Every structure is written in structure tokens, then in C-alpha cells.
Amino acid sequence: MKNNQQFVIKFSFLLALLSLVLLYNGCKKDTVDETCSDGIMNQGETSIDCGGPCTCNTASCSDGIMNNGETSIDCGGPNCTACPLTARDSAILDYNTTYLPNEVSSPGWTGDVSSCNAGSAPQSTHDKVILRINYFRRLVGLNDNTTLDASLFQKYQEAALMMKANNALSHSPPNTWTCWTQLGADGAATSNLYLGIHSTAAVTGFIMDPGASNIRVGHRRWVLHSPKTKFSYGTTDNSMSLGVIGLAGGNTKIPEFIAYPPKGYIPQPLMNTTRWSFGIPDADFSNATVTMTGVSGAINLTVVSNDAVGYGDNTIVWEPQGLTLSSESDISYTVTVSGVANAPKTTYTYTTILVKP
């Protein structure tokens, strides 16, 4: 009996010891080693993974970590240099800081139709008109440093006055027109003309180039004429004459091609056009073809002009159907122009991306 009691006691002791060993091993497995990179303030640290046994790294603009108030790794915020803009960000910024703020609501025209006074516009309007022209040139990759030839302002003011006075447009206005002058007629013959809007809005109108008679997008092509370094203009409160023919050239910053809508990013509000165009100086598009694809596949389109010369640079024009032009998300269309002659390449492919600014 005594031996049995001793056996039970020994067995109970061994069983308890085994339980302690198992409990210890279980706890040991659940324990995480404390380190200086575990993201926890432990082991005597004075801050997370810093102080005590750990070395504190001072935040800097070159530590490879987004800290220090940065908006991206090692850039932005109050302490580091600004982060480089992406092409998308640049397109949105340019639209919001250059295009939108420089819209002219009233051109400040001083003329009068009843007395056939061509009047003038103030310097503030001049500045915004050339900014608008250069904005569109920059958008397509051309030089954005063109200037206005003030010596020709009067010619184009008289042309703009004639359009307003007769409520009509003509590049060859007859001398029977109200407020006709030879100087104004010369201006009409060498300019883009718009009726119904003025100054900066007319520049945008030339780029959109609406109307059944404008399938060659000649107005757009003159604004985006590759060699241009100067323009001139005249404006009333509802008409504009933009001098484009016979003004100074000499620009050498000419991209591989001049497309509108352009290669790369374009703000969605500037897609108010049914006509896409692709131009190269002196190229031959008479046998060229165009294809377009979007997220859902091929886009139906009609080439409406491919052999019109004498309107700035040689250009092919097409009208795509069924496009999505407005969305919270970016919209991409890829264009391929094939069969181009008298150019460095016969085929060109590019992607236009519509962004919401």
C-alpha cells in the first residue's frame, strides 16, 4: 500500500513537471523577439524603435523614408524640395494656372460701330491673348514663346470691326461693307476670323475649329503653324481677327508631329471638338490612313481631309465617332497614322490621354 502511494506521488510530480515544460515551450513560441525595427516601443526605447538600446535616425530629405512632413519619399512638404511633377500633374497644373485664369471676360474694346472707330484693346488683353496662343502651342510640343507684333494691331482691329459691323465673316470683304477700309480688308485676307466671341475665347475657338466649312481645320493649323514666332490681332467685344499669314517665322522647336488632341495628356474641357488632326511640315497625307483604339477596342472614324495644303503645315483630319470625352478617370485613345509620305517615317503611333483637371 505504501509503495502504491509513493508511485502515485511520483507520477503526479512527473505529470506536473511535464505540464510546466509544455507550458513554457508554448509561451516561448508566442514570444516575439524585441528588436529596433519591430515598430513597437519596447525594450526601454524612448520612442518607437528609437532610444534606449536603439539608435535614433534623424528624419531627413535623403533617408529613403516618407517622413519629415514629406508628401512623397524625400520630397515635398515644408522641409524638402518640391516633388517633380509627373506629365499628368503638369498638364493639370498648366490648365489650372495658365489657361483658366487668363480667360478674358471683357476685352476692354474702345471702338464704336456707329462711327466706324476700330478702337483698341488694353495691354492686359494683349497679354492674355498671347498666353492663350502659347498655351496651345506648348500643349502640342511647339515653341511657347511667340509674341505679338504691335505694329500690325491697327490692321487687324479694322478687320475685326468690319466683321462686327456687318455681322458676317469674309476674307475678301467687298468695299460696299459698312466700315470698309483697305487696311481692314488686308487684315481680313491674312487672318483667322471669328464672330460671336472675342480675344482669348476666339483663340480657343480657332483650335476647336467647328463648322461644316472647316473640315480642313485651317484655323487650328495656323495657330499651330510650326515656324511661327509672331502673331498679331484685333478684337471687338464680339469679333476677332488673328493675324497668321505673312508674320515672322524662324522657330526651330518643332516636334516629330503636331497633333490635336496631342500626344500625352490633355484636360477634358479642351476636347470640345469633333475633329482630330495630325500634321508634319511638308508631309504628304494623300494616301494616308488613320486607325484609333480605345478601352473597348477599335473606334469608327472618317477621314475628312488629307490633301489640303496652304493652311499652315500639311495635315490629315478625321472625325471619330462614339468617343467618351468626360470621366472621373483618365480616358486613353491610341492613334496610328500610316502611309505618310515625304516624312521621316511612314507610320506614327501615339496615345492621347484625357484627364479631368
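The values are calculated or read from the model by the stated rules, or taken from the named source; none is laboratory data. What you see is a predicted model, and the numbers here were worked out from it, not measured in a lab. Here the Cβ is made from the backbone with ideal geometry for all residues, glycine too, and neighbour counts use every protein chain on show. Areas reflect the complete protein model, heavy atoms only, side chains present, ligands, DNA and RNA absent. Shrake-Rupley method; radii C 1.70, N 1.55, O 1.52, S 1.80 Å.
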Here the averaged projected area of region 152-235, based on the convex hull of its alpha-carbon atoms and given in nm², is 5.4 nm²
Heavy-atom accessible area with a 1.4 angstrom probe orders 225, 171, most exposed first, as 171, 225
In nanometres, the difference between 0.36 nm per residue of separation and the alpha-carbon distance of residue 296 and residue 106 is 64.1 nm
Relative contact order of the chain (C-alpha contacts under 8 Å, at least 6 apart) in percent is 12 percent
From highest to lowest solvent-accessible area (probe 1.4 Å; ligands, DNA and RNA excluded), 83, 56, 75 read 56, 83, 75
Using eta = 0.890 mPa s and T = 25 °C, Stokes-Einstein with Kirkwood Rh from Cα pairs puts D for the chain, in µm² s⁻¹, at 97 µm²/s
In whole percent, the Cα-Cα distances of region 135-285 spread across 5 Å bins from 0 upward as 2, 10, 19, 21, 20, 15, 9, 4, 1, 0
Which of 164/263; 263/356; 228/345; 164/356; 128/228 exceed 28 Å between C-alpha atoms? The answer is 164/263; 164/356
Among 76, 41, 157, the residue whose Cα sits farthest towards the positive end of the charge dipole of the chain (+1 at Cβ of Lys and Arg, -1 at Cβ of Asp and Glu, taken about the Cα centre) is 157
The helix 2-30 Cα axis meets the longest alpha-carbon principal axis of the chain at an angle in degrees, between 0 and 90 and rounded to 10, of 20 degrees
Sorting 105, 334, 234 by the position of each Cα along the dipole of the chain (Lys, Arg +1; Asp, Glu -1; all at Cβ), the one nearest the positive end of that ordering is 334
Computed for the chain: size of charge dipole around the Cα centre, +1 on C-beta of each Lys and Arg, -1 on C-beta of each Asp and Glu, debye to nearest 20, value 520 debye
Summing -39500 (n - 2.57) over every DSSP H run of at least 4 in the chain, dividing by its residue total and rounding to the nearest 500, the 222 nm mean residue ellipticity is -8000 deg cm²/dmol
Long-range share for region 252-357, i.e. C-alpha pairs more than 16 Å apart as a percent of all pairs, stands at 57 percent
Order by accessible surface, 1.4 Å probe, largest leading, for residues 54, 116 comes to 116, 54
For the chain, the percent of accessible surface on carbon and sulfur atoms (probe 1.4 angstrom, ligands and nucleic acids excluded) is 55 percent
Its Cα gyration tensor gives region 43-156 an equivalent ellipsoid whose semi-axes in whole Å, largest first, are 56, 14, 10
Exposed trypsin sites (Lys or Arg not before Pro) being those in a DSSP loop with at most 15 other Cβ atoms within 10 Å, the longest stretch of the chain free of them is 1-252
With every protein chain kept in place and a 1.4 Å probe, the chain has an accessible area per residue in Å² of 51 Å²
